[in-house]
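Note sheet for the following structure.
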Amino acid sequence: MVLAAGCVLWRHPRGGDSTPEICLVHRPKYDDWSHPKGKLKRAEGTLAAAVREVFEETGHRCAPGAPLGTVSYLAQGRPKQVSYWAAEATDGVFTPNDEVDRIAWLTPEAARDRLTQPRDRFLVDALLTALHAI
């Protein structure tokens with residue numbers, strides 16, 4: 001089993017709207033849009049990996065919040081399990097790199113539409129539910 005972790009990275013929108021903006025990353029290797037995520041390093045905890053991956057892929061630091069669930073699927077013929085958290089962006093600047101060439105800050109509806117894998121879409125709703133509970 002390949003273990004990975006990520007976050008549904010969000011921020012308060014500019015202009016006073018109460019609907020959060022969600023950050024998606026574009027990976028040129030796969031030409032897909034997804035939430036920031038990645039494999040755990042040896043002896044690394046899942047939450048630590050999620051926060052590290054957010055920073056590596058988006059350039060943003062974040063404040064992790066509620067766990068949002070786990071997504072399981074086959075990746076290159078091996079079972080993969082990705083644990084996700086809600087995470088508010090605190091500061092940072094994106095710099096394109098080989099792994100992620102673009103990010104997009106989108107409304108929840110636009111993020112659902114942009115996500116390449118349908119299995120990732122429920123995480124948008126899980127984030128909204130978690131934010132509503134605060």
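The values are calculated or read from the model by the stated rules, or taken from the named source; none is laboratory data. These numbers come from a predicted model, not from an experiment. Reconstructed Cβ throughout: ideal geometry from the backbone, glycine too, with neighbour counts over all protein chains shown. SASA here: full protein model, heavy atoms, side chains in, ligands and nucleic acids out. Shrake-Rupley method; radii C 1.70, N 1.55, O 1.52, S 1.80 Å.
Summary of computed values
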quantity: Long-range HN-HN contacts of TRP85 with modeled amide H, under 5 Å; calculated: GLY6, CYS7, VAL8, LEU68
quantity: Accessible area of the range 7-58 divided out per residue, in Å², using a probe of 1.4 angstrom; calculated: 50 Å²
quantity: For the range 18-62, projected area of the alpha-carbon convex hull averaged over all directions, nm²; calculated: 4.0 nm²
quantity: Cα long-axis angle, helix 122-132 against the chain (0 to 90 degrees, to the nearest 10); calculated: 40 degrees
quantity: Point-to-point label distance, HIS132-LYS29, nm (Cα→Cβ direction, 7 Å offset); calculated: 3.7 nm
quantity: Protection proxy ranking of 107-114, 89-96 - average other beta-carbon atoms within 10 Å, highest first; calculated: 107-114, 89-96
quantity: The range 3-98 - Rg and Dmax from Cα coordinates, angstrom; calculated: 13.5, 45
quantity: Length-normalised contact order of the range 24-134 in % [C-alpha pairs under 8 Å, at least 6 apart]; calculated: 31 percent
quantity: Environment charge at ALA87 (Cβ cut-off 14 Å; Lys +1, Arg +1, Asp -1, Glu -1); calculated: -2
quantity: Area of LYS39 that stays accessible when all protein chains are in place (1.4 Å probe, Å², to 10); calculated: 130 Å²
quantity: Placed amide H near ASP101: partners under 5 Å, 5+ positions off or other chain; calculated: HIS26
quantity: Rounded percent of accessible protein surface that carbon and sulfur make up, the chain, 1.4 Å probe; calculated: 52 percent
